[in-house]
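Before any comments, here is the structure.
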Amino acid sequence: MKVLMVGSGGREHALIKKLLESDRVDSVICAPGNAGISCDAQCFSVAATDIDGMLDLAKEQAVDFVFVAPDDPLALGMVDVMEENGFKCFGPSALAARIESSKVFSKNLMKKYGIPTAAYEVFSDAGEAISYIEKNGKFPVVVKADGLALGKGVIIAENLADAKDAVKSIMEDKVFGASGNNIVVEEFLTGPEVSVLSFADGKTVVPMVSSMDHKRALDGDKGLNTGGMGTVAPNPYYTADVADECMKTIFEPTIKAMAAEGCPFKGCLYFGLMLTPDGPKVIEYNSRFGDPETQVVLPLLETPLIDVIEAVADEKLDEIDVKFSDEACACVIMASGGYPGSYAKGIEIKGLDANGNVEGATVYHAGTKYVDDKFATNGGRVLGITAKGADLKSALAGAYSATEKIYFEGAHKRSDIGKRALDALK
């Protein structure tokens, strides 16, 4: 089989490496890809959101399967167009992708079908939103842009002044563009956070191994929110009992709700959960593999990924046994200095071999390019250094040891990835 991977980050690199483990996959092409991905797949300079260009590429290359990984092309309906043109795809339709691309849609879905989530209100007027926050008087409060915002459209306001700033920046200053035309104002939940990716074929849902993300830029969960500075799997807070409860109250009800709304979900449905004192609740849904959660979940997948995604496309997920290793996995992100604010690009990366790897770990390239035939930085999150181990401690040791072999000027990483998970295991 020949597979087309749409996207250019660490998630896509992890997916490509996993697909190539199967002898059923002859080759993977990627668009637009990056320098590290080009060591594993032929890359083409077609933008991930260029639906017509991507369709032309799929036809020219006579691919057998299209995997649409990022949120933007999913929301734009790339899967719909590919399927209309006879290509087998992994990823939801545009209507199903609204579960991520519209916070208003997803919150209303949960309310309608009794899926546990934080109490909320929706606003299209900044003044009304601020008035509601003032009257409610509970802080912290969560302010969310309705649409896609590169994982940064969620602001936790600690007081009224912060809340007013959040509403104004999203709705009036349009820091996230049209994504901020509507906002969700939501109660602040407390408890351990858990990420659960799941395969879904419209009828059946199969959760993957759980993970724990680290969103803040700095140690101790300080600093600005990022797309993710590292992950570990499994998440120790996600016990067998919690998993059973989530299956009954969240996972299956969500799949049934989407089918009932006439937009069955096929692809990877990401559940961002909070384990509150009142039980598990949904913080957010994503309509695709999370980044960098994918980088720790896929290395633990034992069933060939190509078999699973074909079963999803054919709506036969209930006919295969999806297995995961009982090992642990850790990913430490090496980011550009200044991320998630402004940062330089084109800085040479030292310590990688000719294929973009280092000994003792797997290196997933997120933001790299070639400059004078050398790997160089080309994004905020540059590399995801990932290692497996018999337990979390050894996985983290492997990942951190490998980061010491890589250098680029201004490189930034957190030194406490996995600390909360290790503390929970004590």
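The values are calculated or read from the model by the stated rules, or taken from the named source; none is laboratory data. Every value quoted in this text rests on a predicted model; they were computed, and no experiment measured them. All Cβ positions, glycine included, derive from the backbone under ideal geometry; neighbour counts span all protein chains shown. Note: accessible area is taken over every heavy atom of the protein model, side chains too, but ligands, DNA and RNA are not part of it. Shrake-Rupley method; radii C 1.70, N 1.55, O 1.52, S 1.80 Å.
Worth a mention:
- Dipole size of the range 169-288 about its Cα centre, with +1 on Lys/Arg Cβ and -1 on Asp/Glu Cβ: approximately 380 debye, rounded to the nearest 20.
- Positive-end residue, the chain charge dipole about Cα centroid, Cβ charges, pick of Gly379, Leu148, Pro340: Pro340
- Its Cα centre serving as origin, the range 67-174 has a Cβ charge dipole (Lys and Arg +1, Asp and Glu -1) of approximately 360 debye.
- For the chain, size of Cβ-based charge dipole, Lys and Arg +1, Asp and Glu -1, in debye: 880 debye
- When both the range 126-164 and the range 182-237 are represented by their alpha-carbon centers, they are found 20 Å apart.
- Residues Tyr364, Tyr132 ordered from highest to lowest accessible area at a 1.4 Å probe: Tyr132, Tyr364.
- Just so you know, the Cα atoms of the range 10-54 work out to an Rg and Dmax of 10.7, 30 Å.
- Enclosed volume per residue, in Å³, of the convex hull spanned by Cα atoms of the range 101-192: 96 Å³
- Average Cα contact separation per residue, the chain, under 8 Å, 6 or more apart, as relative contact order %: 16 percent
- Formal net charge of residues neighbouring Asp219 (Cβ-Cβ distance under 12 Å; K, R +1; D, E -1): +4
- GNM result for the chain, Cα springs below 10 Å: residue of Asn181, Asn136, Asn378 fluctuating most strongly: Asn136
- Largest to smallest accessible area among Arg11, Arg420, Arg414, Arg381 [probe 1.4 Å]: Arg420, Arg381, Arg11, Arg414
- In sequence order, calculated HN-Hα J values of the range 330-347 (Karplus, 6.51, -1.76, 1.60; Hz; x Gly/Pro): 9, 10, 10, 7, 9, 10, 6, x, x, 4, x, x, 6, 7, 7, 10, x, 8
- When Ser342, Ser336 are compared by accessible area of protein heavy atoms, the largest-first order is Ser342, Ser336, using a 1.4 Å probe.
- Relative contact order of the range 191-239, defined on C-alpha pairs under 8 angstrom at six or more residues apart (%): 32 percent
- For the chain, modelled as a GNM whose springs connect Cα atoms under 10 angstrom apart, the maximal fluctuation among Glu261, Glu193, Glu310 occurs at Glu261.
- Label assignment, Cα extents along the principal axes in Å derived from the structure, set (i) 73, 63, 36; (ii) 67, 50, 43; (iii) 60, 47, 44: (iii)
- Highest-fluctuation residue, Glu293, Glu12, Glu121 considered, GNM on the chain with Cα pairs under 10 Å: Glu121
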